[in-house]
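A.B. asks: Pasting in a structure now, in structure tokens, and then I'll have a few things to ask.
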Amino acid sequence: GSLQQLGHEVRLFDTLEPRRRSAPEVAGRDLLAAVDDFNPDLLFCLLSTDELPLEAVREAGRRTLTLNWFADDQWRFDSYSRHVAPSFHWVLTTSRRAEAQYQRIAGVRPVFLPWGFNAEVFHPVGGPKRYDVSFVGQRYGRRGRLVDRLRAEGLSGYARRRSERKSTGRNPSPTGLP
């Protein structure tokens, strides 16, 4: 279950709020004020860019435990995660390779946490199956070759093209694998 279901009080600190998004230094100041106000046992982050100054994260770490979930380590460990991780007490990673690399960085405590789902929320809803395969995410890296192989094997699938959504303002009717 969620942290709330386990009895923890959880508060959201939204770095995407417009005044914070355009000024990371404001986000950093606001974060420290929120930590002082709430006095959390843990600051749980999912940073993916420079939305918070690392000095603010380190200062928050002098007041509470800090953790960041690096959900893109399969492709961003070298360019991003390894530089940010030392600012946190703990790091979560979806990559076994990155977990091993984190262990070689002084002071970084990695925990492998693969992607999962909440079976109480995401479950079959019945009805006929429309597609053999559905994809969520962008087409990059090896994904295009995988889609081509699935198509060659005769599997049906669905993917929404970004241009279709922009042009119609809604989800288009399925057009098959991209």
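A.B. asks: Can you sort L146, L54 by 1.4 Å-probe accessible area, starting with the largest?
C.D. replies: L146, L54
A.B. asks: Return the Cα extents of the chain along principal axes one, two and three, sorted largest first, each rounded to a whole Å.
C.D. replies: Taking max minus min along each principal axis of the Cα atoms, the chain gives 56, 37, 34 Å.
A.B. asks: Work out, step by step, the length gained on full extension between R143 and A71: first 0.36 nm times the residue separation, then minus their alpha carbon distance; give nm to one decimal.
C.D. replies: 24.2 nm
A.B. asks: What distance in nm separates the two pseudo spin-label positions at S22 and L150, each 7 Å out from Cα along the beta-carbon direction?
C.D. replies: With each label point 7 Å from Cα toward Cβ, the separation is 4.0 nm.
A.B. asks: Cα convex hull of the range 45-108: how many Å³ per residue?
C.D. replies: Convex hull of Cα atoms, per residue: 72 Å³.
A.B. asks: Which trypsin sites (Lys or Arg not before Pro) from the range 4-107 combine a DSSP loop assignment with at most 16 other Cβ atoms within 10 Å?
C.D. replies: R11, R62, R63, R104
A.B. asks: In nm, to one decimal, how far is the K129 label point from the D14 one, both placed 7 Å along Cα→Cβ?
C.D. replies: 3.9
A.B. asks: Among L47, L3, G61, which residue has its Cα positioned farthest towards the positive end of the charge dipole of the chain, with +1 placed on the Cβ of Lys and Arg, -1 on the Cβ of Asp and Glu, and the dipole taken about the Cα centre?
C.D. replies: Checked the options; the winner is L47.
A.B. asks: Could you pull out every whole DSSP H run in the chain that spans at least 18 Å of Cα extent along its own axis and averages -1.0 or higher on the Kyte-Doolittle scale?
C.D. replies: Long hydrophobic helices here: 24-38.
A.B. asks: Still on this structure, I have one more. If the chain between N39 and V136 were fully stretched, how many nm would it gain, using 0.36 nm times the residue separation less the Cα-Cα distance?
C.D. replies: Result: 31.3 nm gained on full extension.
A.B. asks: To continue, here is another question. Sum -39500 (n - 2.57) across every DSSP H segment of at least 4 residues in the chain, then divide by the residue count to get the 222 nm mean residue ellipticity, nearest 500.
C.D. replies: Taking each H run of at least 4 residues, the total per residue is -8000 deg cm²/dmol.
A.B. asks: Count neighbours as other Cβ atoms within 10 Å of each site's Cβ, and list the chymotrypsin sites (Phe, Trp or Tyr not before Pro) in the range 102-149 that are DSSP loop with at most 16 such neighbours.
C.D. replies: Numbers: sites: Y102, F112, W115, F117, F122, Y131, F135, Y140; in loops: W115, F117, F122, Y131, F135, Y140.
Passing both the DSSP loop test and the Cβ count: W115, F117, F122, Y131, Y140.
A.B. asks: Check T66: other-chain or 5+ apart residues with amide H under 5 Å from its amide H, H built from backbone geometry?
C.D. replies: L43, H89, W90
The values are calculated or read from the model by the stated rules, or taken from the named source; none is laboratory data. Computed from a predicted structure; not experimentally measured. Counting neighbours? That spans all protein chains shown, and the Cβs are built from the backbone with ideal geometry, glycine included. Heads up: the accessible areas ignore ligands, DNA and RNA and are worked out on the full protein's heavy atoms, side chains in. Shrake-Rupley method; radii C 1.70, N 1.55, O 1.52, S 1.80 Å.
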